[in-house]
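The values are calculated or read from the model by the stated rules, or taken from the named source; none is laboratory data. Predicted, not measured: the structure shown is a model, and the values here were computed from it. With ideal geometry, Cβ positions are generated from the backbone for all residues, glycine too; neighbour counts draw on all protein chains shown.
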Amino acid sequence: MKLADVLVIGGGPVGSYVAHELASMAHEVVVLEQKERLGLEVCCTGIISQQCVSDFAIDDDIILKRLNSARIFSPSAGLIRLWRPETQACVVDRAALDLAMARRAQAAGAQYMLACPVKRIEVRQDRVVVEVVRHKEKKGFSAKAVVIASGFNPGLVGSLGLGRISDFTTGAQTEVTTKGIDEVEVYTGREIAPGFFAWLVPTSPNRARLGLLSRNRPRLYLNRLISSLVAQGKINQAGEGLKCRHLPLRTLPRTYGDRLVVVGDAAGQVKPTTGGGIYYGLLSARLAAQSLHRALVKNDLSARSLVSYQRGWQEKLGQDIRLGYLARRFYQLLGDRQLDKIFDILKKNGIVEALLKEDDLSFDEHGKVILSLARQRFLGKIAEVIKIPFRIGAD
């Protein structure tokens, strides 16, 4: 195979979006995907904002459900209900999203090679060589540059001298049948998901995705939650198999180098508050394609040239990720009694209602939510009540 312009490692939405953008600019793009078929074994809740749907032209037939409300439960079963009249988020069919993004890239001219797990990346002076094992045989692909969009993959990225992602967690999820659940439900508490939370997200009448985040034993916690919700009459037994995946909570120190960029989960471009990564990944993919296009046109694929990509995504996402991680660290310090007190503060001081009235509040820009809470002196009220040391710096 002749020298391509760009190899993209990973055929998920982020990798396919990079491939589409570059192929649309007349670059020769090859996508290497480890799965034998796109859309297989996807572990993702698939909640994205209406803004994401609009910005990235996501087809209506991929959207399973539109959401405008959520019920959040404290450890002692206290309830806060969030509601707005307009759509706040959409639940997508993730397998269908993968396929749609790949077809769009293929229509623009990108070539896909399936069943190609990458074993090694070698950056040379004049090219990048990627070694895969395809049908039990080693095979090499070469290109002027490479995009790593393989999901959270510390081993692959760690070999390239870009540093490492220093904090991550694990998500576990299954499909369940429900009994009259039409809103998102979020569950908190040390017995449910210590330091994190669980979710029940309806996808269609009587169907939902049930999952949680946990640093340890996520399968155990999810099976306990299934039993609890069955006993409450909210769900029947779980349906399809339980899936797990690791999720980064911090970003890669460097997401670029000579002839390479890293995007999406592989770069840690994920909301630390929720683990959601589709929108951040697609935004970063767009910036990566723009930087690579400029570098290819100038025939300068050095790290000095591609640093514009990191500057670009940090300008757009850096503050939200930093504030989100601080909020994540703070939340992890809380015990169940402290969480219950915070729910009381939110309900008794009208803070939730005030937040919902803010016009510029965004499903994706969690930094704005945190700053808005600070403006309402919410953090000060918490400090008065819960009395925990505020050693939560992003060190």
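Would you mind stating whether Ser76 is under 27 Å from Asp182 (Cβ atoms), touching a helix residue (DSSP H, G or I) at 6+ places or on another chain (Cβ under 9 Å), crowded, with 18+ Cβ neighbours inside 10 Å and in contact (Cβ under 8 Å) with a residue 12 or more places away in the chain?
Taking the combined requirement at face value, the residue does not satisfy it.
Scanning the range 95-128 for residues being among the charged types (D, E, K, R), in contact with a helix residue (DSSP H, G or I) (Cβ under 8 Å, 6 or more places away or on another chain) and more than 11 Å from Gly11 (Cα to Cα) gives a total of 1. Considered as a group, the residues in the range 1-33 that are at pLDDT 95 or above and more than 18 Å from Ile148 (Cα to Cα) include one that is surrounded by the fewest Cβ atoms within 10 Å (Cβ to Cβ), and that residue is Ala26.
Restricting the range 118-176 to residues that are under 20 Å from the mean Cα position of the chain (by Cα) and hydroxyl-bearing (Ser, Thr, Tyr) leaves a set whose member that is surrounded by the most Cβ atoms within 10 Å (Cβ to Cβ) is Ser150. Among the residues of the range 5-33, those identified as within 12 Å of Asp98 (Cβ to Cβ) and among the small types (Gly, Ala, Ser) are Gly10, Gly11, Gly12, Gly15, Ser16. Checked against the criteria, Val8 does not count as outside the structural domain of Ile342 (by TED's automatic domain parsing), over 22 Å from Tyr279 (Cα atoms) and either without any contact (Cβ under 8 Å) to a residue 60 or more places away in the chain or outside any loop (DSSP other than H, G, I, E, B) (or both).
Checking each residue in the range 173-192 for being assigned to a loop (DSSP other than H, G, I, E, B) and in contact (Cβ under 8 Å) with a residue 60 or more places away in the chain picks out Glu183, Thr188, Gly189, Arg190, Glu191, Ile192.
Taking the conditions (1) farther than 21 Å from Arg245 by Cα; (2) out of contact with any Phe, Trp or Tyr (no Cβ under 8 Å at 6 or more places or on another chain); (3) aliphatic (A, V, I, L, M); (4) assigned by TED's automatic domain parsing to the domain that holds Ile278 in turn, Val132 satisfies each one other than (2). Against the list (1) in contact (Cβ under 8 Å) with a residue 60 or more places away in the chain; (2) crowded, with 24+ Cβ neighbours inside 10 Å, the condition Gly276 fails is (2).
Restricting the first member to the range 338-349 and to residues that are closer than 12 Å to Gly189 by Cβ, and the second to residues that are among the polar types (S, T, N, Q), the beta-carbon pairs closer than 7 Å and six or more apart or on different chains are Leu339/Ser74; Leu339/Thr188; Asp340/Ser74; Asp340/Ser76; Phe343/Ser74. Within the range 34-79, if we keep just the residues that are touching a Ser or Thr at 6+ places or on another chain (Cβ under 9 Å) and under 16 Å from Ala102 (Cα atoms), the residue that is modelled with the highest pLDDT turns out to be Gln34. Looking across the range 243-260, just one residue is touching a Pro at 6+ places or on another chain (Cβ under 8 Å), hydrophobic (A, V, I, L, M, F, W, C) and closer than 18 Å to Leu162 by Cβ, and that is Leu249.
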